[in-house]
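The values are calculated or read from the model by the stated rules, or taken from the named source; none is laboratory data. Here the structure is a predicted model, which is why all the values come from computation and not from measurement. As a convention, Cβ positions derive from the backbone with ideal geometry for all residues, glycine included, and neighbour counts pool all protein chains shown. Only protein heavy atoms, including side chains, enter the accessible area calculation; ligands, DNA and RNA are left aside. Shrake-Rupley method; radii C 1.70, N 1.55, O 1.52, S 1.80 Å.
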Amino acid sequence: MNKQDSNRDVISFFSGAMGLDLGLEQAGLHIRICQDFDESCVKTIEANGKNAVLGDIRNIRPEDILNKTGLKQGEPFLVCGGPPCQPFSTAGKRLGINDPRGSLFMDYIRMINYIRPRFFIMENVKGIMSSPLKSNLDKPLDENSPKTVLDVILSEFNKLEYKTVYGILDAVNYGVPQFRERFVLIGSRDYEDIFLPIPTNFQMHQNKEMLWKTTGDAIKDLENNPGECASFSDERLKYLRMVPEGGNWKDLPKDILEKAMGGAYSSGGGKVGFYRRLSYSQPSPTVVTSPVQKATMMCHPTQDRPLSIKEYARLQQFPEDWNFVGTTSAKYRQIGNAVPVGLAKAIGKAIIATAETTGSIKTKRFRGTGVHSRIQDAIRLGGSEDDDN
């Protein structure tokens, strides 16, 4: 147990450009090894002096991962990763769609089951919280079968005999200058008192340092020196020049809307990403894998161009000297797929607080129950008492 108390070693799967891993390191953990299927991601990891395994997790043996770290079963402090969300909608032929049992999720389970870390983190798209289970099994599901993707995920982790806690976290509530909601699930092998990190930043607060961070806070100094950057087509620029800071397609003149929007004009949905120009005074919308796609444009607040690679990295809170390897599109993709560093750091701190039993104050009496309950509810929502968001 003494050895375990000082052990803060982490094994990372589906590591990408290491957004999650960097945050965990900033919290005080030590990334021993990373893994990814994407060659450009592995090159990025190695270019920054980190150890990585290139390959499909389905073809990797957990014992080989442990051998590379010098750790034994049960020794790692944490295993972390986010199995790609695509398999939840494109699973194998036999198990149909939206069934994680036919996806890379099961290989993540396999790794945790063999490695037996003290804790694990699984992060993913928020949609898995409500995604119905649709299976093309040979026989229909009975009334006792799991009904949602989340039911299956929790069931599989329960089989591993890990205590779990989960929820949707918005990165903006943890000092990230960006709205980005992610599903986060934390597990404890030893049934410790795990909890999701408590928000540190709010839309309204008497302390300016605890307010949400804005796009301007992150990138305004790069306005005229953006560095490597993609470009919009002339056609899209023609319309973007008509959109004010913080606006989108709804701000275009009514007589050109249909032409500008094309087939999307009569389609459903909010279409908020069409001809979207960011605002310096607000947090950024979710950073996507490309800032130039028609439905998810991320135009600079004042310049007629998309956000640059460096601006993208700032919004995801990568270190200034972090070296991204690959084509421009590959760099955007690596950054857009990452977990924001600040959110990851908050998760890491919550796990360390659990391990060190410093995450709560034990008390027999909770004074001012009504007042404190409202504050606790606001914390769980990630906003102020009067904020329904």
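What the table shows:
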{"item": "Region 236-302: Rg to Rh, with Rh as the Kirkwood radius over Cα pairs", "result": "0.94"}
{"item": "Where the chain is the region considered: accessible area per residue in Å², 1.4 Å probe", "result": "49 Å²"}
{"item": "Relative contact order, percent, the chain [alpha-carbon distance under 8 Å, six or more residues apart]", "result": "18 percent"}
{"item": "Net charge over other residues, Cβ less than 12 angstrom from the Cβ of Gly70 (K, R count +1; D, E count -1)", "result": "+1"}
{"item": "Orientation-averaged projected area, Cα convex hull of region 1-66 (nm²)", "result": "4.8 nm²"}
{"item": "Inter-label distance for Tyr114 and Ile168, nm, one decimal - labels placed 7 Å from Cα along Cα-to-Cβ", "result": "3.5 nm"}
{"item": "Distance (nanometres) between label positions extended 7 Å along Cα→Cβ at Asn67 and Thr363", "result": "5.4 nm"}
{"item": "For Leu133, distant residues with modelled amide H under 5 Å away", "result": "Thr148, Val149"}
{"item": "Relative packing of peptides 162-172, 214-224 - highest average C-beta neighbours within 10 Å first", "result": "162-172, 214-224"}
{"item": "Packing-based order for 259-268, 65-74, 113-122, 315-324, using average beta carbon neighbours within 10 Å, highest first", "result": "113-122, 315-324, 65-74, 259-268"}
{"item": "Neighbour net charge for Ser231 - beta-carbon separation under 13 angstrom, K R +1, D E -1", "result": "-2"}
{"item": "Local net charge near Glu320, Cβ-Cβ under 9 Å (Lys/Arg +1, Asp/Glu -1)", "result": "+1"}
{"item": "Dipole magnitude (debye, nearest 20) for region 220-281, charges at Cβ of Lys, Arg, Asp, Glu", "result": "240 debye"}
{"item": "Lysine pairs with alpha-carbon atoms under 24 Å apart, region 293-369, spacing 8 or more or separate chains", "result": "6"}
{"item": "Reference-scaled alpha-carbon Rg (2.2 N^0.38 Å with N residues) for the chain", "result": "1.04"}
{"item": "Carbon and sulfur %, accessible surface of the chain computed with the full protein complex present, 1.4 Å", "result": "49 percent"}
{"item": "Peptides ranked, highest mean first, by Cβ atoms within 10 Å: ranges 334-347, 49-62, 273-286", "result": "334-347, 273-286, 49-62"}
{"item": "Under-5 Å amide H pairs with Asn51, H placed in peptide plane, nonlocal only", "result": "Cys34"}
